[in-house]
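Data first, discussion second: the structure below is written as structure tokens.
The values are calculated or read from the model by the stated rules, or taken from the named source; none is laboratory data. Being a predicted model, the structure only gives us computed values, none of them experimental. So basically every Cβ, Gly included, is an ideal-geometry build from the backbone, and we count neighbours across all protein chains shown.
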Number of protein chains: 2
Amino acid sequence: MSVTAPQGFVAAGVPAGIKASGDLDLALVATADGAPCTAAAVFTRNLACAAPVQVSRAHLAATGGRAAAVVLNSGNANAATGPAGLAVAEEACALVAGGIGCAPEEVLVCSTGLIGIPMPPEPFRTGVPAAVAGLRAGGGAEAARAIMTTDTMAKEAAASAGGVTAGGMAKGAAMLAPNMATMLAVLTIDAEVELAALQRSLQAAVDASFNRLTVDGCTSTNDTVIVLAGGSGPAVDEARATALLTQVATGLASQMCGDAEGATKVVRVQVTGAATDDEAAAAARKVAESQLVKCSWYGQDPYWGRILSELGTAGVQLDLGTVSIAYGDQVVSRGAVEVDHDGGALAAHMAERSLQVTCDLGVGGGSWWLLTNDLTHAYIDENRGTS
Amino acid sequence: MSVTAPQGFVAAGVPAGIKASGDLDLALVATADGAPCTAAAVFTRNLACAAPVQVSRAHLAATGGRAAAVVLNSGNANAATGPAGLAVAEEACALVAGGIGCAPEEVLVCSTGLIGIPMPPEPFRTGVPAAVAGLRAGGGAEAARAIMTTDTMAKEAAASAGGVTAGGMAKGAAMLAPNMATMLAVLTIDAEVELAALQRSLQAAVDASFNRLTVDGCTSTNDTVIVLAGGSGPAVDEARATALLTQVATGLASQMCGDAEGATKVVRVQVTGAATDDEAAAAARKVAESQLVKCSWYGQDPYWGRILSELGTAGVQLDLGTVSIAYGDQVVSRGAVEVDHDGGALAAHMAERSLQVTCDLGVGGGSWWLLTNDLTHAYIDENRGTS
């Protein structure tokens, strides 16, 4: 059920002293034999991207898509840390390379935590050797725990078909938005996949999963999804790889939404009948990212008027005569006015942890959905201070 | 200090039974003689605009920019109310016209309150005659109180120069975003202004004031700013009209930001050194509308890393080598790393009610500023339910 579910991968999670709590905060995922395998990644589009993002991108470019390990830490994002931060990220890779016997460029690095705090090298100098010593086929669960920040649960997933297994771990929590989130994920698959196909498979998996999440519309400095395709299994085609990676990524994304900072609701916002899929996506995002709508979900208030108002400013084709809004199976508004519905069934749906909002624009065949959360007191409390 | 500060305008505010509390909820602003004067307006761009917006727009088009009165109610937005809502808005105008002796098309109408709740005609049938009977030169303050929703203070402003006076009233609170807000404002000026010049002056005043506000990025169904230019004063040129209306609108906008729902901070986000003014505006908006950044302000936490992260996703030219971020007079980050600053002075600034954030991108001459607020428990409580 994790990055070590596929054959040929080992992992470890250790406490390296980055978190003041002493919790696990350094994870290592590697090929079992320390030899590089095919690797692809999707990184944040944030221009203020963190040192590990810059280093991992450079390493993948230098090796032409080969990697033997990924080292990850929580507790400090190593973002906005300047040249010193870059040096620490490079040193972390070199330490891993020395430990498992590969080239430094064959190691990728990810960090998550606070932005703008200098990242000391010491945790890697002590933590990496401990993690290398602890690498084992059953180490996926510890690695998944070591990358948690405000996550309350470790996030792991795996899927198998036709003798091929894919697995993965992720951390999420907040700053989740399209084009990824404050999220790190490492996926593994025990099959040979050609590099270009692997990159396309990963992008498809990300588009269908992490990019469907928006907790607060914020896009992080550190978002990274890496996939390692190990050679111990059979060669698989792109379609099979895409299906397996998508299944794993979707499972991780669902866990991330369910464990979003302070959330009491997981809300699926579905827009149908839009002029195009792009317009449906824009409308879904406008509704999903509305502070006012999010507050109403927290209050279990089916205030469809606010949703209609968001649709009206989403920059999409809207016909007030044909638009309808439903919560669960209760259509509450049609033609931009309230319509009769079962108030008891509606109240029961609003009280559930998972809400379904469906906005049918009635102007075309475009559709899209996103997962999001409510806006709660606890979200504010988690984000009002860094201490 | 209100819409009745200029010569030739009268106003009233009465309780019409729309608010369950029995508070003032119907306002009327009119020319003292009941004759139409030059009128211009700026309306919400929300496609799901409310019935009164549709009616007022049609009336101004029918009269070619003439109006004798504006009737406003709080407690119900008359939005998403279908043909019945349109009929009530038209009836409200007809009732005023009958009372003051003008044509129905010479009356404009505004509503604010909950969306999607049927608007009954009765409050207008009883309230409009009472308001007409109560019209007086000193009635501006009551009218300003009658349009409050979650506002905690009535919002009035006036400005004079060269024998000409402009005045205004507004309601704000939340859903404040560029392209206006859940806001209504009526401005008056006791001077002849040619219609096209008046429309330009109003747009300039709105751009410099209400469109600089963003509380939560939500744009309402009902936003309306109306100006009545009365003929009792001298003719003034466009520049003078613009200056006076801008002064009044800026005063009202400042009050709106200071009284935003649940806010503990008023934050001026200034972006300088952007490639263009448009890029500066986009960057300022990304920072100002970030839930994460807003939470940090609530916690008085000068977490500049999040601001840098928002700048990195604003879709603007960004050079990590030249960007700097300051709170008050303390530059906390330069070149995307933390720099030495006076921690005591910084903490003192963060504890103030008014915060100043300055992001200098260092890539060009573009600049922009916006006013916004923090995100608080009280904001959530005001918006989690409709009751």
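A compact table of results
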item: Test result for residue B:260, within 14 Å of chain A (Cβ to nearest Cβ), within 22 Å of the chain's Cα centre (by Cα) and part of a loop (DSSP other than H, G, I, E, B); result: yes
item: Top-ranked residue of region A:114-134 - restricted to ones that are crowded, with 24+ Cβ neighbours inside 10 Å and assigned to a loop (DSSP other than H, G, I, E, B), ranked as modelled with the highest pLDDT; result: A:119
item: Lone unmet requirement of (1) at pLDDT below 95; (2) touching a strand residue (DSSP E or B) at 6+ places or on another chain (Cβ under 9 Å); (3) not acidic (Asp, Glu) for residue B:292; result: (2)
item: Failed condition for residue B:357, given (1) within 14 Å of chain A (Cβ to nearest Cβ); (2) surrounded by 18 or more Cβ atoms within 10 Å (Cβ to Cβ); result: (1)
item: Residue within region B:241-248 that is more than 21 Å from the chain's Cα centre (by Cα) and either within 14 Å of chain A (Cβ to nearest Cβ) or outside any strand (DSSP E or B) (or both) present; result: no
item: Which listed residue is crowded, with 24+ Cβ neighbours inside 10 Å, of a type in the set (S, T, N, Q) and touching a helix residue (DSSP H, G or I) at 6+ places or on another chain (Cβ under 7 Å), from A:264, A:246, A:221; result: A:221
item: Qualifying residue in region A:86-103 (condition: assigned by TED's automatic domain parsing to the domain that holds residue A:195, assigned to a loop (DSSP other than H, G, I, E, B), within 24 Å of the chain's Cα centre (by Cα) and crowded, with 21+ Cβ neighbours inside 10 Å); result: no
item: Residue check for residue A:296: facing chain B (nearest Cβ under 8 Å), part of a strand (DSSP E or B) and among the small types (Gly, Ala, Ser); result: no
item: Residue check, residue B:249 without any contact (Cβ under 8 Å) to a residue 60 or more places away in the chain, in contact with a strand residue (DSSP E or B) (Cβ under 8 Å, 6 or more places away or on another chain) and outside the structural domain of residue B:337 (by TED's automatic domain parsing); result: no
item: Check on residue B:98, free of Cβ contacts under 8 Å to residues at least 12 places away in the same chain, away from every other protein chain (no Cβ under 14 Å) and either touching a helix residue (DSSP H, G or I) at 6+ places or on another chain (Cβ under 9 Å) or over 27 Å from residue B:166 (Cα atoms) (or both); result: yes
item: Checklist (1) part of a helix (DSSP H, G or I); (2) crowded, with 21+ Cβ neighbours inside 10 Å; (3) free of Cβ contacts under 8 Å to residues at least 60 places away in the same chain applied to residue B:109, failing item; result: (1)
item: Residue identified as of a type in the set (Gly, Ala, Ser), facing chain A (nearest Cβ under 9 Å) and within 27 Å of the chain's Cα centre (by Cα) among B:309, B:290; result: B:290
item: Subset of region A:308-325 that is of a type in the set (Gly, Ala, Ser) and crowded, with 23+ Cβ neighbours inside 10 Å - its residue that is farthest from residue B:119 (Cα to Cα); result: A:314
item: Residues of region B:65-85 classified as of a type outside the set (Gly, Ala, Ser) and either part of a helix (DSSP H, G or I) or within 14 Å of another protein chain (Cβ to nearest Cβ) (or both), total; result: 4
item: Residue ranges of strands (runs of 3 or more DSSP E) in region B:1-60 with at least 3 members closer than 23 Å to residue B:133 by Cα and more than 18 Å from the chain's Cα centre (by Cα); result: B:9-14, B:26-31
item: Which listed residue, of B:271, B:236, is modelled with pLDDT of 95 or more, more than 27 Å from residue B:145 (Cβ to Cβ) and buried (at least 24 other Cβ atoms within 10 Å of the Cβ); result: B:271
item: Test: residue in region A:263-281 that is over 21 Å from residue B:381 (Cβ atoms), part of a loop (DSSP other than H, G, I, E, B), more than 12 Å from chain B (Cβ to nearest Cβ) and within 21 Å of the chain's Cα centre (by Cα); result: no
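Yes/no per residue for (1) of a type in the set (S, T, N, Q); (2) surrounded by fewer than 24 Cβ atoms within 10 Å (Cβ to Cβ); (3) out of contact with any Phe, Trp or Tyr (no Cβ under 7 Å at 6 or more places or on another chain); (4) closer than 14 Å to residue B:93 by Cβ:
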{"residue": "B:33", "(1), (2), (3), (4)": "no, yes, yes, no"}
{"residue": "B:39", "(1), (2), (3), (4)": "no, no, yes, yes"}
{"residue": "B:45", "(1), (2), (3), (4)": "no, yes, yes, no"}
{"residue": "B:52", "(1), (2), (3), (4)": "no, no, yes, yes"}
{"residue": "B:66", "(1), (2), (3), (4)": "no, yes, yes, yes"}
{"residue": "B:72", "(1), (2), (3), (4)": "no, no, yes, yes"}
